[in-house]
Amino acid sequence: MSGAPLSAAAAQLLRSLMARARLDQDRIFITNFRSVDWQSLTFTGERHEIGLRLSGPGAADALASLSDGLAAAEWNLKGHVVADIVIVATHRSCDGSIDVDLEALTLSD
């Protein structure tokens, strides 16, 4: 099954989040990714809903790396700015994996 390709902002945001988690990529699984266009009177961008599963023995450390200072983090997205990002929920499974739900707003430069 393949979905629609990610926008440039969504793809860059996802790569940045995965790098921020500092966990091997084979231990981070995308469980949900939805982006919708967003606009105000002065800005255009996208709202993103992201679900990640962090697995393996480093899951708790990866969650700490991902969440520590998340709202104030500097993001290097070409042509886009992260205006808002927040972890809205986490769920720890009995196998040690952690599901993380995030929401973000990216604006076009």
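The values are calculated or read from the model by the stated rules, or taken from the named source; none is laboratory data. The model shown is predicted, which means the values in this text are computed figures rather than measured ones.
Taking the criterion of being under 12 Å from the mean Cα position of the chain (by Cα) and of a type in the set (D, E, K, R), the residues of the range 39-56 that qualify are Arg47, Glu49, Arg53. For the range 16-55, the candidate set comprises residues that are closer than 16 Å to Glu103 by Cα and of a type in the set (Phe, Trp, Tyr); within that set, the residue that is modelled with the highest pLDDT is Trp38.
Which residue, of Glu103, Glu74, is under 12 Å from the mean Cα position of the chain (by Cα) and on the phi < 0 side of the Ramachandran plot? I'd like the intermediate steps shown before the answer.
Values: Glu74 fails: under 12 Å from the mean Cα position of the chain (by Cα).
Every option except Glu103 fails the conditions.
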